[in-house]
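Asker: So that we are looking at the same thing, I have put the structure below in C-alpha cells.
The values are calculated or read from the model by the stated rules, or taken from the named source; none is laboratory data. A quick note: this is a predicted structure, and the numbers were derived from the prediction, not measured. Note: areas computed on protein heavy atoms with side chains; ligands, DNA, RNA excluded. Shrake-Rupley method; radii C 1.70, N 1.55, O 1.52, S 1.80 Å.
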Amino acid sequence: MPRGPRRPLRGSQNRMSSTTALGDGWVVSPAEIDILEFAGVWAPYGGNDAEAFVQFGLTSEEFHRRLIRLLGSPAARMLTNSTVVTLRRQCLERLYRPTGGSAHPGSRIRR
C-alpha cells in the first residue's frame, strides 16, 4: 500500500484553542481545519487511519464521524468537490463496514 505524501500539518498546540466562525452557525477550530487538510492529502490513497490516530489521537470511528460532519460545513470549500465526494464515501465505508459474521447483503456501501 502506498504510504502517501508526508507533509507537516499546520497545527500547533496554541492553535487548538482558537476557533473560526464560518457563518450559518458553523464554528470550526484550527484542529478541525487540520483534519480536513489531512483527509484531503490522504484521500487519493484511501485514507490512513493509523496516521490519523498519531496526528489527532482519534480512533478511526471518531476521526471519520468528525470528518463527515466537517464535510458538511463551509470549511469543506477548501477541498475540491471530487475530494469531498471521495471522502464521504471513505467515511461511510469505514463507519458502516461489516465487522464480521454474515452481514446483510444490502448493508455494504456500493461504489
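Asker: For Ser82, what accessible area in Å² do you get when you roll a 1.4 Å probe over the heavy atoms of the protein chains, rounding to the nearest 10?
Answerer: Near enough 80 Å² of accessible area.
Asker: Full extension from Glu61 to Val27: what is 0.36 nm times the residue separation minus their Cα-Cα distance, to one decimal in nm?
Answerer: Net length gain for the segment: 10.1 nm.
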